[in-house]
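First up is the structure itself, then whatever we jot down about it.
Any read-out appearing in this document is the output of simple, stated calculations on the displayed coordinates, not a laboratory observation. This is a predicted model, so every value here is computed, not measured. Backbone-built Cβ (ideal geometry, glycine too); neighbour counts: all protein chains shown.
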Amino acid sequence: MANELPDGVRAIAHPLIRHKITQLRATDTKPIVFRAVVRELARLMMYEATRGLAETTRRIETPLTAMDAPVLEKPYPVLVSIMRAGNAMLDGALDVLPMAGVAHIGIYRDHDTLEAHEYYFNGPPDIAERHNIVVDPMLATANSSVAALARLKTKGVTSLQLVSILAAPEGIAAFSVAHPDVPVLVGAVDEHLDEKGYIVPGLGDAGDRSFAT
Ligand code: PRP
Ligand code: URA
């Protein structure tokens, strides 16, 4: 599949990622473990996702000498969670980037039409001047992530990327058409969407599995 991905979309091929996604897929994984594994996956994926962050240097003293040492450039990125399911990923992302800003976008998918409906937005006032890393475990039809990224663009954000744990080929294609300028990092690409818009083989409803609803 990796060779067939559109420009700007990358799937992590790594045994740890595959192992942890298998834990999420299994129906006997309880919500407390599900959330913990999503958080671990977010930490691992953030390591890859932040590879291109801008750096500068800070003058410091080591015990032996002075040096201009590399640090992340300010302003630090904003982590954007697409609620609800994005929140467990947000926790993992904040574990490795605790100095990041945080924005929340509440979006749910209508079960019949699969259209995305926004019910909440809150983010830092200077969000447009910062790099935004959007996290949502699922990229199915891409309706939710397409809407979330469009919302951020209306706020003036120009530097964006999307990180999702599990994607469907249909969602990757739709997202790439809607936001060809936004890089996407996914943990795995599954086979297809079913008639109800669920990823197959998938892991079910990520929000329900996270929060036992
Ligand atoms: C899930 C998931 C994504 C969306 C993906 O959210 O967290 O946001 O579905 O599907 P899509 O690519 O077809 O839009 P859901 O609508 O179930 O809301 P929830 O997180 O509140 O459960
Ligand atoms: N949202 C989910 O949580 N799971 C899917 O399979 C599709 C959309």
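Laid out as a table, the results:
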quantity: Close pairs (6 angstrom Cβ cut-off, 6 or more residues apart or separate chains): over 12 Å from Val146 (Cβ atoms) in the range 170-196, among the polar types (S, T, N, Q) anywhere; calculated: Pro183/Gln161; Val186/Ser164
quantity: Among residues of the range 188-204, those that are more than 14 Å from ligand 1 (Cβ to nearest atom) and crowded, with 18+ Cβ neighbours inside 10 Å, counted; calculated: 1
quantity: Evaluation of Asp95 against (1) surrounded by 15 or more Cβ atoms within 10 Å (Cβ to Cβ); (2) under 15 Å from the mean Cα position of the chain (by Cα); (3) closer than 23 Å to Leu53 by Cα; (4) touching a residue at least 40 places away in the same chain (Cβ under 8 Å) (one fails), failing number; calculated: (1)
quantity: Any hit, the range 164-176, residues being surrounded by fewer than 21 Cβ atoms within 10 Å (Cβ to Cβ), in a loop (DSSP other than H, G, I, E, B) and more than 8 Å from ligand 2 (Cβ to nearest atom); calculated: no
quantity: Condition check for Ser210: polar (S, T, N, Q), farther than 30 Å from Glu73 by Cβ and buried (at least 18 other Cβ atoms within 10 Å of the Cβ); calculated: yes
quantity: Count of residues meeting criterion [among the polar types (S, T, N, Q), surrounded by fewer than 24 Cβ atoms within 10 Å (Cβ to Cβ) and not in a loop (DSSP other than H, G, I, E, B)] in the range 129-145; calculated: 1
quantity: Qualifying residue in the range 127-144 (condition: of a type in the set (D, E, K, R) and within 16 Å of ligand 2 (Cβ to nearest atom)); calculated: yes
quantity: Whichever residue in the range 42-73 is more than 20 Å from the chain's Cα centre (by Cα), part of a loop (DSSP other than H, G, I, E, B) and free of Cβ contacts under 8 Å to residues at least 12 places away in the same chain and, among such residues, is surrounded by the fewest Cβ atoms within 10 Å (Cβ to Cβ); calculated: Pro63
quantity: The one condition in (1) surrounded by 20 or more Cβ atoms within 10 Å (Cβ to Cβ); (2) more than 11 Å from ligand 1 (Cβ to nearest atom); (3) among the small types (Gly, Ala, Ser) that Ala116 fails to fulfil; calculated: (2)
quantity: Where Pro124 falls short, out of the listed (1) within 16 Å of ligand 2 (Cβ to nearest atom); (2) part of a loop (DSSP other than H, G, I, E, B); (3) touching a strand residue (DSSP E or B) at 6+ places or on another chain (Cβ under 6 Å); calculated: (1)
